[in-house]
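Here's the structure we're looking at; comments come further down.
The values are calculated or read from the model by the stated rules, or taken from the named source; none is laboratory data. If you're wondering where the values come from, they're calculated on a predicted model, not measured in any experiment. Counting neighbours? That spans all protein chains shown, and the Cβs are built from the backbone with ideal geometry, glycine included.
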């Protein structure tokens, strides 16, 4: 491994790096998919076999033990996993893990033939060890393989393929158990579970491992992040260091804790589905696989939606939607009426619907957090931070395995009541996320609502809106939501200059305005001067500031005169002025067309709107020159196709 990284490793070329269709990313995607298939296929083959070896009242113990064996290595190997991801090429670590997976699957087949439950669970622990070493290199390689504006989409695809793999692996494991377990008509075993046609399991498990190894070789070499990093012989101390690196950034620590809570609840939900199908629906292992597949499919849909809605940015506002959906779906699962022994009955269908909603909400919750952790982690510490995140996540999952046993056995809660506990436990998480990210939450909701009301075309964004550095944005004022639309369709945060009356009239609007850094302005020379000074400092600090120089929403649909004074914001900043024209908003619900604001029906649905961003202006001579630039944008002929799709802004 070390030899490979000393001379042959090279940073991927531009042709290899950046896109979601590059050989490296497709190789990573396929490797992750096949690895997740094998993990779940073996686990859901071995756990049902283990359930046949214990009494009915101890099936929860088998489920908890299976989960504990899988997640414990993530805790014990957190430090070595981070070391490998930083010290060596992440590609070399990934390939090495796939070789180990092949050996583990061969050992797993032998464990099944031995009829030794302890050996089977030991192989599950080895699988967890391989996955623990694989994780930081897998996630840490994403920012090295794809461009920064593709990280959220890449995580969405990783999440989607992982969930599809869970569907395939869970159903595949249940099918392997069904095929390799021979029973009489009364359901009594005629031979030990898993022994009948055992070679089918061997071909499936070993074949998938071989395919995953081949896929890992598609990843191009990557440079080690820290080739001189020493091996953590004192693993506990290194784990403490990794946790300290994570804790040094409060936003990263919050994201990691949110991730840990999510996976703890997810682990409990997965185990509870097995019990729910068995005791509340009275169905067999195959239907456990089907409904777990439905749950996983929902996670895939949620992961894709999170990637699409983020659209090039890390959008933490989606986390609020996900946590609220998890709470609601789990509570709804708790009220499904028992309907024993009837596949595809109303209870079965409703269970599938709520599990799909639960999974979709889980995808919306997890993908933005993972993207945030990767994007905000310093490159030289990314492996350590992701290893610390894994330590917290799987520690929470280990606690969840014990908590599930406690709820199911000593406390004797039914599977329905366990779902109720899960749902109610998520409510405080939802409240905390909304309290912590009020602006991001509302922006994301408004983004979704606005795209059901408006069809927005943005032109000139890629060419004329600076990707970094300060600038003053100047736009015409047509409707009450002009500022909202500009914020929603900018790849960078924008600080709006707005009348303070609105923020003082509605307290909730004031909270959101402060969260988004709005610069209030009041009538009166002193207040105006102070607002201009604040805006100037923001531009000088490299921020985007937007002002509507007309000073009010147009009452006629025509652009009014620009008020003097706004050009002084640029004084001694060296920053450009960006003219923007908002078109099509006259006649919308939030304009003064028909003599009233808000209370009217839109003339079209969705309402077509254009945002045209003009060339940067350096040191404009007067307000009339700026006004004419905005007018010219509105009168320009169509510039052709949209340059890019709308963007949901970062939280």
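Of all residues in the stretch 340-371, how many are closer than 19 Å to residue 289 by Cβ, surrounded by fewer than 24 Cβ atoms within 10 Å (Cβ to Cβ) and touching a helix residue (DSSP H, G or I) at 6+ places or on another chain (Cβ under 6 Å)?
3
For the condition over 20 Å from residue 40 (Cβ atoms), assigned by TED's automatic domain parsing to the domain that holds residue 266 and in contact (Cβ under 8 Å) with a residue 24 or more places away in the chain, what is the one hit in 353, 326? Don't jump to the end; show me each part of the working.
Values: 353 fails: in contact (Cβ under 8 Å) with a residue 24 or more places away in the chain.
None of the other options fit; the residue is 326.
Go through the stretch 607-641 and count every residue that is surrounded by fewer than 16 Cβ atoms within 10 Å (Cβ to Cβ), under 34 Å from the mean Cα position of the chain (by Cα) and at pLDDT 70 or above.
The total comes to 1.
What is the one condition in (1) modelled with pLDDT under 85; (2) assigned to a helix (DSSP H, G or I); (3) surrounded by 20 or more Cβ atoms within 10 Å (Cβ to Cβ) that residue 539 does not satisfy?
Among (1) modelled with pLDDT under 85; (2) assigned to a helix (DSSP H, G or I); (3) surrounded by 20 or more Cβ atoms within 10 Å (Cβ to Cβ), residue 539 violates only (1).
Can you tell me which of (1) under 19 Å from residue 633 (Cβ atoms); (2) modelled with pLDDT of 85 or more; (3) surrounded by fewer than 22 Cβ atoms within 10 Å (Cβ to Cβ) is the one residue 554 doesn't meet?
Result: residue 554 fails condition (2) only.
Sort out which residues of the stretch 276-291 are within 15 Å of residue 414 (Cα to Cα) and in a helix (DSSP H, G or I), and write them in order of number. Lay out the reasoning, then the answer.
Going residue by residue through the stretch 276-291, those that are within 15 Å of residue 414 (Cα to Cα) are 276-282.
276, 277, 278, 279, 280 - these are the residues of the stretch 276-291 that are within 15 Å of residue 414 (Cα to Cα) and in a helix (DSSP H, G or I).
Got at least one residue in the stretch 210-220 being touching a helix residue (DSSP H, G or I) at 6+ places or on another chain (Cβ under 7 Å) and under 24 Å from residue 392 (Cα atoms)? Write out each step before concluding.
Taking the stretch 210-220 first, the residues touching a helix residue (DSSP H, G or I) at 6+ places or on another chain (Cβ under 7 Å) are 210-213, 215-220.
Now restrict to residues that are under 24 Å from residue 392 (Cα atoms): none.
There is no residue in the stretch 210-220 that is touching a helix residue (DSSP H, G or I) at 6+ places or on another chain (Cβ under 7 Å) and under 24 Å from residue 392 (Cα atoms).
Conditions tested, residue by residue: (1) crowded, with 19+ Cβ neighbours inside 10 Å; (2) in contact (Cβ under 8 Å) with a residue 40 or more places away in the chain; (3) over 17 Å from residue 201 (Cβ atoms).
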| position | (1), (2), (3) |
| --- | --- |
| 68 | yes, yes, yes |
| 80 | yes, yes, yes |
| 84 | yes, yes, yes |
| 91 | yes, yes, yes |
| 99 | no, yes, yes |
| 115 | no, yes, no |
| 121 | yes, yes, no |
| 131 | yes, yes, yes |
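Condition test on residue 329, is it in a helix (DSSP H, G or I), crowded, with 24+ Cβ neighbours inside 10 Å and under 15 Å from the mean Cα position of the chain (by Cα)? Lay out the reasoning, then the answer.
Numbers: in a helix (DSSP H, G or I): yes; crowded, with 24+ Cβ neighbours inside 10 Å: yes; under 15 Å from the mean Cα position of the chain (by Cα): no.
So residue 329 fails the test.
Could you identify the single residue in 219, 166 that is touching a residue at least 60 places away in the same chain (Cβ under 8 Å) and either closer than 22 Å to residue 45 by Cα or not assigned by TED's automatic domain parsing to the domain that holds residue 292 (or both)?
Numbers: 219 fails: either closer than 22 Å to residue 45 by Cα or not assigned by TED's automatic domain parsing to the domain that holds residue 292 (or both).
Of the residues listed, the single one that is touching a residue at least 60 places away in the same chain (Cβ under 8 Å) and either closer than 22 Å to residue 45 by Cα or not assigned by TED's automatic domain parsing to the domain that holds residue 292 (or both) is 166.
I'd like to check something: does the stretch 105-124 contain any residue that is over 30 Å from residue 384 (Cα atoms), modelled with pLDDT under 80 and more than 27 Å from the chain's Cα centre (by Cα)? Give the derivation first.
Quick first cut of the stretch 105-124, residues over 30 Å from residue 384 (Cα atoms) only: 106-120.
Next, from what is left, pick out any that are modelled with pLDDT under 80: none.
No.
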